[in-house]
Amino acid sequence: MLHVLSCGVVVFPGLFFVFRKVLPSIFKQWTDADVVLVSERLVSSIHAVMATTAGCIVVSSCSNVITDRHWLATYFVVWFGVPYMTYDIYAMYLSHYYRYRVKGHEDYKQHSFRTVNSFVRREFLLVLHHIALLTILLPITLFFRKDQGDYFIGCLFLTELSTPFVSLGKILIQLGLQECWLHKANGIMVLVSFFMCRIALFPFMYWMYGRQYGIPLYSVPFHLSLCCNLGNLCILAPQANPPHPLSPSAHAQTSTEAAPVFLVYNKTEFWCEHCPAASVYEPPVPPESSVP
């Protein structure tokens, strides 16, 4: 019973529900889209910290990358990885839905097949990434590894290291703090962690496999099965669509989420409740004759 209560089936949806209830009472000016976005980001950061910690433990415990075992490599996937990926698809859909509903799109007055289809088309690579983990990583972890490769499962956990920094960047933009030093420093951390743990990690795993068997890096793909190479490709593919806040100045490229801002024009303050960070509203310039 304690295992069920502590697993991701309860933890992640429960945290998401709690954040959605608590945040509106703190940030009363936020819309449903703002609340869902930040709630999703907070939960993803919690999962990322858990996954990264588990990955560090597994990787540091395996000196032989093929045969050494650690129980976390299997149990974390079953109890937390799979429930989180399933929950996250739903949370991403909700974020998409409320974002367009707040904009006043007619199709988003209620949930429908059209809204789900629009979400899948717009977030295809992310959805593919999640489905690949559910349909490839889970069966491999449980049935097809023949009790080998815990080291590489731990490496895949480490891909989550960049997630808290990406989430922090979006939350800072939501709070209107995109010009502060923390956002700029966080942008550097996003760049470094994303490159190291989402891109460079894959050739590193191939190199470690080759090192174990004494074969050069370029020969490793030919020593692996087609399914293994395709699985890595499916996990790597979404990295071609990197997160928006990849640099200290990237808040100018963010999409629909934005923080409340004060605008000053002709000594008059205009309150813009939800102006995108990329396009600050500018009132029309008055005729020359009317300018004092």
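The values are calculated or read from the model by the stated rules, or taken from the named source; none is laboratory data. Fair warning: this is a prediction, and the values are worked out from it, not measured in the lab. Every residue, glycine among them, receives a Cβ derived from its backbone with ideal geometry; neighbour counts consider all protein chains shown. Heads up: the accessible areas ignore ligands, DNA and RNA and are worked out on the full protein's heavy atoms, side chains in. Shrake-Rupley method; radii C 1.70, N 1.55, O 1.52, S 1.80 Å.
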| said: For region 95-118, check the following and say yes or no: at least one residue is among the small types (Gly, Ala, Ser), in contact (Cβ under 8 Å) with a residue 12 or more places away in the chain, closer than 22 Å to residue 19 by Cα and not in a loop (DSSP other than H, G, I, E, B). | reply: yes
| Selected residue [open to solvent by less than 20 Å² (accessible area, probe 1.4 Å), in contact (Cβ under 8 Å) with a residue 24 or more places away in the chain, under 22 Å from the mean Cα position of the chain (by Cα) and closer than 25 Å to residue 171 by Cα] from 49, 43 | 43
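If I filter region 118-140 for residues that are over 30 Å from residue 227 (Cβ atoms), open to solvent by 60 Å² or more (accessible area, probe 1.4 Å) and out of contact with any helix residue (DSSP H, G or I) (no Cβ under 8 Å at 6 or more places or on another chain), do I get at least one hit?
Here is the first cut: in region 118-140, the ones over 30 Å from residue 227 (Cβ atoms) are 118.
Filter once more, keeping what is open to solvent by 60 Å² or more (accessible area, probe 1.4 Å): none.
Checked region 118-140: no residue is over 30 Å from residue 227 (Cβ atoms), open to solvent by 60 Å² or more (accessible area, probe 1.4 Å) and out of contact with any helix residue (DSSP H, G or I) (no Cβ under 8 Å at 6 or more places or on another chain).
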| Residue tally, condition over 14 Å from residue 13 (Cα atoms), open to solvent by less than 40 Å² (accessible area, probe 1.4 Å) and aliphatic (A, V, I, L, M), over region 52-91 | 8
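One line per residue, one yes/no per condition, for (1) within 21 Å of residue 67 (Cβ to Cβ); (2) part of a loop (DSSP other than H, G, I, E, B):
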position	(1), (2)
178	no, yes
198	no, no
210	yes, no
220	yes, no
| query | Failed condition for residue 189, given (1) more than 22 Å from residue 47 (Cα to Cα); (2) open to solvent by 70 Å² or more (accessible area, probe 1.4 Å); (3) in contact (Cβ under 8 Å) with a residue 12 or more places away in the chain, with all others met? | reply | (1)
| Within region 132-143, can one find any residue that is modelled with pLDDT of 90 or more and within 20 Å of the chain's Cα centre (by Cα)? | no
| request: Kindly list the number of the only condition in (1) among the polar types (S, T, N, Q); (2) under 16 Å from residue 41 (Cβ atoms); (3) open to solvent by 40 Å² or more (accessible area, probe 1.4 Å) that fails for residue 95. | output: (3)
| message | Among the residues in region 154-164, are any part of a helix (DSSP H, G or I) and surrounded by fewer than 15 Cβ atoms within 10 Å (Cβ to Cβ)? | response | no
| Which numbered condition trips up residue 19, out of (1) closer than 30 Å to residue 145 by Cα; (2) open to solvent by 20 Å² or more (accessible area, probe 1.4 Å); (3) assigned to a helix (DSSP H, G or I)? | (1)
| task | Evaluate the following for residue 170: is it of a type in the set (D, E, K, R) and assigned to a helix (DSSP H, G or I)? | result | yes
| message | Take the conditions part of a helix (DSSP H, G or I) and in contact with a Phe, Trp or Tyr (Cβ under 8 Å, 6 or more places away or on another chain) and apply them to residue 204. Does it pass? | response | no
